[in-house]
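All remarks here apply to the structure that follows.
The values are calculated or read from the model by the stated rules, or taken from the named source; none is laboratory data. On a predicted model such as this, the values are computed, not experimentally measured, just so you know. Cβ atoms come from the backbone with ideal geometry, glycine included; neighbour counts cover every protein chain shown.
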Amino acid sequence: MASFVHDFPFDPAHGWTSDRLSAAPAPLAPDDFASFWRARHEEARQVATDPELGPAEGERDGARIHGVTFTSVGGVRLGGWFALPAEGPTEYGFVIGHGYGGRLEPGPDLPLPLPRAAAILPCVRGMGSRGLTAGIPDTADEHVLHGIASRDTYVIGGCVADLWCAASALRELVPELAPDAGGPPLGYLGESFGGGLGALALPWDDRFGAAQLTVPTFGNHPLRLTLPCTGSGESVRAYHRQHPEVTEVLRYFDAATAATRLELPTLVAAALFDPAVPPPGQFAVHNALAGPHDLHVMSAGHFEHPGLDTEKEELRAARRRFFYEHLVGGSG
């Protein structure tokens, strides 16, 4: 069990030992969980995303960075960034989700885990400078409550659809990634908010071949509602105290429940100590995975601490090995 000096009014490890975390469960799914998500996925796949690539905005880590816009479900026009190899052909493609702070630039999401890779880094609806959407709050504590009274209006469902549409835009902008051109399956990377969205999105989309989820949120909502935190979950906890019926909506947006349907190879990086995303929820996502999976344990998430740079490099190395194995077919 990780321990750090901190000034939070609660224990960010919540007293859970490693053995207990390894058994953190996933809630049972509603009877129509799969049909609900398959219908939403089918709707997103019918969207004409009409992606537009902007001029180059710079180069970094062997990639040329462009702005990008595309259309998502409901006619929402979103933006983000698009990375292309600075030299040579594109051989792999990634969709990269962002945290609940939004995305103001490509930030630390590069370098990509494979060379000769393209990536779309979308800002989902309501988030980041290029995802601002009329009527949707752009701060995490308000965004996470938007439309939460109904499973059909909850903003998290729209954000998941944004990832599906981003994948469509990626393949349209880089035709060599399409299956009929011999392109490989896509990879997915997501951290925190993006990790939870990825767990919800990936079980229903056969375009992806491997994924990496770092400190994923939205895992085991019934448990999360009992655990204080500094992240978006605290807003949900406060809402639940006044509206206990929201538990029925949250059942459809549980990343651990979705993970029981997630069969593609998945690497989960979970933290033993995390003030923003309670560790039991993170481990619940990993424990529930239905397909091949690896666990990379970190001492802390969402927390500056000695050794953080080393842990980040260790995770980058694990990510490279994982995608080489599952998308390339080698050890890297």
- Task: Select, from Ala276, Ala317, the only residue that is more than 23 Å from Asp19 (Cβ to Cβ) and more than 18 Å from the chain's Cα centre (by Cα).
- Result: Ala317
- Selection within region 22-34 - closer than 15 Å to Asp254 by Cα and surrounded by fewer than 13 Cβ atoms within 10 Å (Cβ to Cβ): Leu28, Asp31, Asp32
- Task: Return the pairs, sorted by first residue and then second, in which the second residue is of a type in the set (Asp, Glu) and at pLDDT 95 or above, the first residue lies in region 89-102 and is over 26 Å from Arg125 (Cα atoms), the beta carbons are less than 8 Å apart, and the residues are 6+ apart or on different chains.
- Result: none
- Message: Among (1) of a type outside the set (A, V, I, L, M, F, W, C); (2) at pLDDT 95 or above; (3) assigned to a helix (DSSP H, G or I), there is one condition Gly209 misses while meeting the rest; what is its number?
- Response: (3)
- Note on the structure: Expected output for region 171-191 (first residue without any contact (Cβ under 8 Å) to a residue 12 or more places away in the chain, partner in a strand (DSSP E or B) and among the charged types (D, E, K, R), Cβ below 9 Å, 6+ apart or cross-chain) is none
- Name the one entry in Leu132, Leu114 that is among the hydrophobic types (A, V, I, L, M, F, W, C) and without any contact (Cβ under 8 Å) to a residue 40 or more places away in the chain. Leu132
- Meets criteria (within 24 Å of Ser35 (Cα to Cα) and among the small types (Gly, Ala, Ser)) for Gly195: yes
- Message: For region 300-321, which positions are surrounded by 18 or more Cβ atoms within 10 Å (Cβ to Cβ) and part of a loop (DSSP other than H, G, I, E, B)?
- Response: Ala300, Gly301, His302, Phe303
- Of the listed residues (Ala149, Ala169, Ala140), the one being of a type in the set (A, V, I, L, M) and under 16 Å from Val95 (Cα atoms) is Ala169
- Determine whether Gly101 is surrounded by fewer than 24 Cβ atoms within 10 Å (Cβ to Cβ) and in a helix (DSSP H, G or I). no
- Look at region 3-46 and say how many of its residues are of a type outside the set (Val, Ile, Thr), in contact (Cβ under 8 Å) with a residue 12 or more places away in the chain and part of a loop (DSSP other than H, G, I, E, B). 20
- State all residues of region 123-154 that are crowded, with 19+ Cβ neighbours inside 10 Å, within 16 Å of Gly99 (Cβ to Cβ) and out of contact with any Phe, Trp or Tyr (no Cβ under 9 Å at 6 or more places or on another chain); if no residue qualifies, say none. Arg125, Gly126, Gly128, Gly131
- Task: Go through region 79-98 and count every residue that is in a loop (DSSP other than H, G, I, E, B) and surrounded by fewer than 24 Cβ atoms within 10 Å (Cβ to Cβ).
- Result: 6
